[in-house]
1. Please verify whether the stretch 378-395 includes one or more residues that are more than 14 Å from the ligand (Cβ to nearest atom) and more than 23 Å from Ser109 (Cα to Cα).
2. Whether any residue in the stretch 152-174 is in a loop (DSSP other than H, G, I, E, B) and over 29 Å from Pro208 (Cβ atoms) is what I want to check.
3. Within the stretch 132-160, count every residue that is out of contact with any Lys or Arg (no Cβ under 9 Å at 6 or more places or on another chain) and aliphatic (A, V, I, L, M).
4. For the stretch 106-129, which positions are open to solvent by less than 20 Å² (accessible area, probe 1.4 Å) and out of contact with any Lys or Arg (no Cβ under 7 Å at 6 or more places or on another chain)?
5. Do you know which residues across the stretch 279-305 are away from the ligand (no atom under 16 Å from the Cβ) and crowded, with 17+ Cβ neighbours inside 10 Å?
6. Restricting the search to the stretch 241-278, which residues are open to solvent by 30 Å² or more (accessible area, probe 1.4 Å), assigned to a helix (DSSP H, G or I) and of a type outside the set (D, E, K, R)?
7. What are the pairs with Cβ atoms under 9 angstrom where one residue, in the stretch 83-106, is closer than 19 Å to Leu280 by Cβ and more than 10 Å from the ligand (Cβ to nearest atom) and the other, located anywhere, is open to solvent by less than 10 Å² (accessible area, probe 1.4 Å) and of a type outside the set (Asp, Glu)? Sequence gap at least six, or different chains.
8. Can you pull out every residue in the stretch 425-445 that is in contact with a Gly (Cβ under 8 Å, 6 or more places away or on another chain) and among the aliphatic types (A, V, I, L, M)?
Amino acid sequence: AHLDQIAAVDEQVHAFLHVDGERALAAAKSVDDRRAAGESLGALAGVPLALKDVLTQQGAPTTCGSKMLEGWHPPFDATVTRRLIDAGVIILGKTNMDEFAMGSSTENSAYGPTHNPWDLDRIPGGSGGGSAAALAAFEAPLAIGTDTGGSIRQPAAVTATVGVKPTYGGVSRYGLVALASSLDQAGPCARTVLDAALLHEVIAGHDPRDSTSIDAPVPDVVAAAREGDVSGMKVGVVRELGGEGYAPGVEENFQRNVALLEKLGAEIVEVSCPTFDYGLAAYYLILPSEASSNLAKFDAMRFGLRVGDDGLNSTEDVMRLTRGAGFGDEVKRRIIIGTHALSAGYYDAYYGSAQKVRTLISRDFEQAFSQADVLVSPTTPTTAFKLGERVNDPLAMYKNDLCTIPSNLAGNASASFPGGLSSDDGMPVGFHVMAPPMADDRLYRVG
Ligand code: GLN
C-alpha cells in the first residue's frame, strides 16, 4: 500500500531519492518467514520506514543529497539500519535532504527540493524534509531523521508530524555520515507519539562502535508515551524563545498548548536562559568548523565522484576539480567559514569563544532544569515558508533553528509535536519540548 502511495504522489512531493520496492517486498516476506519459524519480533515488525539518505544501508546508494557521493554504495549498514532490519522494520528507500544535512528547507539538495504535502509550494523543512514529507504524505508511517541543529524537529513542526532528537549519545552515530560530530544525533520520526516511542526503543542504546554512545539503559519512552500523564509536572516556558520575530499565529498556538498542559495538571513556570540568544552565533562557528574537517575526506580518491582524472592533471588538481564540482554553494560556504574559524590566529577568537558560549548555554539549561522538569517553546518562529523565499538569504534561513539549536549545543533531548494549525495561514505549528540528558521519556509524556 505504501509503495502504491509513493507511486501515486512522490512525483509531486519528491520525498524519496531512492525507492527499492522489490527489496522492500522481499524484506516483508522474510519477516513473514521469521514469524513462521517462531521468532518473536517486536511491535514494529513488518512496518515500513523511510530512511534519511545520510545513513548507510548496504546495497543501497547513500548520497547525503550531494553530487559528491553520486554512485557510492556503502559496504556496510549503519547501526541504526541494522537494528531496524533486526527488528523486522521494512526499509522502503532513502529520503531527500539538504546536501550533507546543511539547511532548513531541503532546497540545498543536489537532486531538487522536496515539497510540503500540506501545500506543495512550501518547504517541508530541512535538512530532513524528505523524511517528514514522506510521513505527512502517507508514503511511510515511520521515518528516521538526523538532527544537528534542528533537522528532525523543524521538518516535523512544518509538516504536523512527530520528530524526536534523543539525548546526544542515546542513538549510535556509526554509519551516519558526519556533519558535526559533537552535535549530530539520529532519531525517530512518525505521525503519532506512540509510533515515535516504539521506533525510539528499536534504534536507541549503547553501541561500542560509537565512542560517544552512552552505556546506560534507554529511558522507558514507550511506557511514558502510553501513560501521557503530566499532572504535577513542572513545565518551564523559556522567556527568550518567543516575542519579536515570532509569527502571531505561532505565538497564539503556543499559548493555547501551554494552557492545555496546565488544564491537564501541569504546573507552568517561566524560566530564563539569557545565553540562548547567542546559540545561533556559536552554532554557526562550531558546525562549520567540524564540518570542514569531516568533509575533508571527500577528496576524489575514496568515495563517489572523481573529476579531471585524465592522466594529465595532478592529484591536487583532481581533488580541487572534484570538490569544486561535487559540493554545492552552501557546503562551500561552510567549509570556507570553518577553515577560517579554525586557522591559526583566529582559533581563539572564533572557535574558542563559541565553545565558551556552548558551556554557558549548558549552564543555562542546568539552571532551568533545576526549576522545571521540561522546557517548552515553539519549534520554529514561523510556519513553512514558500519554496525559493529564503534561498538567497542564508541568515533568514539560519533563523529557523533559533529554538532548536540550544539542545544540540548542550546535548539534551528534545522533540517537536504537532501543535495544531496557525490562524495566520492554516499551516502546521510545532510544539517544542526539551528535557535533560537521558530524560527522553519526559518528552513522550508531554507529547
Ligand atoms: N538547519 C540547520 C543547519 O543548516 C540544522 C541542520 C541539521 O540539523 N542537520 O545547519
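The values are calculated or read from the model by the stated rules, or taken from the named source; none is laboratory data. Just so you know, these numbers come straight off a predicted model, no measurement behind them. Here the Cβ positions follow ideal geometry from the backbone for every residue, glycine too, while neighbour counts run over all protein chains shown. Each accessible area value is taken on the protein alone, full model and side chains, heavy atoms only, with ligands, DNA and RNA left out. Shrake-Rupley method; radii C 1.70, N 1.55, O 1.52, S 1.80 Å.
1. The answer is yes, given that some residue of the stretch 378-395 is more than 14 Å from the ligand (Cβ to nearest atom) and more than 23 Å from Ser109 (Cα to Cα).
2. Yes, the stretch 152-174 has at least one match.
3. Adding up the residues that qualify gives 7.
4. Correct list: Thr106, Ser109, Thr114, Ile123, Pro124, Gly125, Gly126, Ser127, Gly129.
5. Phe298, Ala300, Phe303, Gly304, Leu305
6. Residues satisfying the conditions are Pro248, Gln255, Ala259, Leu260, Pro274, Tyr278.
7. Matching pairs, first to second residue: none at all.
8. Val429, Val433, Met438
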